[in-house]
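The values are calculated or read from the model by the stated rules, or taken from the named source; none is laboratory data. The structure displayed is predicted, hence computed values, not measured ones. Ideal geometry is used to build each Cβ from the backbone, glycine not excepted, and the neighbour counts take in all protein chains shown.
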Amino acid sequence: MADITYGVTPLETARALDGIELIKGMVSGRFPAPPIAGMIGMSMDEVELGRVVFGYTPSVDHCNPLGSVHGGIAATLLDSVMGCCVHTTLKAGTGYTTVEIKINYVRAMSDKTGPVKAEGKVINVGSRIATSEGRLTDSAGKLLAHGTTTCLIFPI
């Protein structure tokens, strides 16, 4: 497996690509993975139109004082997959930003949870607003957290 490069794809490059081409390019290593992925340790594992899957293995480095993984990690994973699945549907010259996110925490993660999967799926993409949903599950398929988001779509 090739080493992962982290960075920000130049805006001129991103502007010229359909969203799915950009996200698939990150998975293949053609473009750098976002720095947040390296900081948290999440991987972009699957990409198709309107759907993405990221992986993450909970770390003691992300634990709160009670020993569970901070809820912000689950929120970041879900925000990332819910936004990226929307991104896969966008045409060249179009961007998005999260304007609202709702997360429900079902089970705690700890450094003993093992690998988890975050999956995002598009609900609807319009000309200005998109919505998507995400699920965070452990390796046995148990639900850890789920959420929805609303994204604003705009020209870049």
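Give the residues of segment 43-67 that are of a type in the set (A, V, I, L, M, F, W, C), in a loop (DSSP other than H, G, I, E, B) and farther than 21 Å from Gly95 by Cβ, sorted by residue number.
Hit for segment 43-67 is Leu66, nothing else.
Quick one: would you say Ile40 is of a type in the set (A, V, I, L, M), touching a helix residue (DSSP H, G or I) at 6+ places or on another chain (Cβ under 7 Å), under 21 Å from Ala108 (Cα atoms) and modelled with pLDDT of 95 or more?
So Ile40 passes the test.
The conditions are (1) touching a residue at least 24 places away in the same chain (Cβ under 8 Å); (2) within 13 Å of the chain's Cα centre (by Cα), and Val27 fails exactly one of them. Which is it?
Unmet for Val27, out of (1) touching a residue at least 24 places away in the same chain (Cβ under 8 Å); (2) within 13 Å of the chain's Cα centre (by Cα): (1).
Quick test for you: out of Gly93, Gly83, Gly71, pick the one residue that is under 24 Å from Ile129 (Cβ atoms), surrounded by fewer than 20 Cβ atoms within 10 Å (Cβ to Cβ) and touching a residue at least 24 places away in the same chain (Cβ under 8 Å).
Selected residue: Gly93, the only one of Gly93, Gly83, Gly71 that is under 24 Å from Ile129 (Cβ atoms), surrounded by fewer than 20 Cβ atoms within 10 Å (Cβ to Cβ) and touching a residue at least 24 places away in the same chain (Cβ under 8 Å).
If Leu22 satisfies every condition in (1) assigned to a helix (DSSP H, G or I); (2) touching a strand residue (DSSP E or B) at 6+ places or on another chain (Cβ under 9 Å); (3) in contact (Cβ under 8 Å) with a residue 40 or more places away in the chain but one, which is the exception?
It is condition (2) that Leu22 fails.
Can you pull out the residues in segment 83-142 that are on the phi > 0 side of the Ramachandran plot and touching a Ser or Thr at 6+ places or on another chain (Cβ under 9 Å)?
Across segment 83-142, the qualifying residue is only Gly114.
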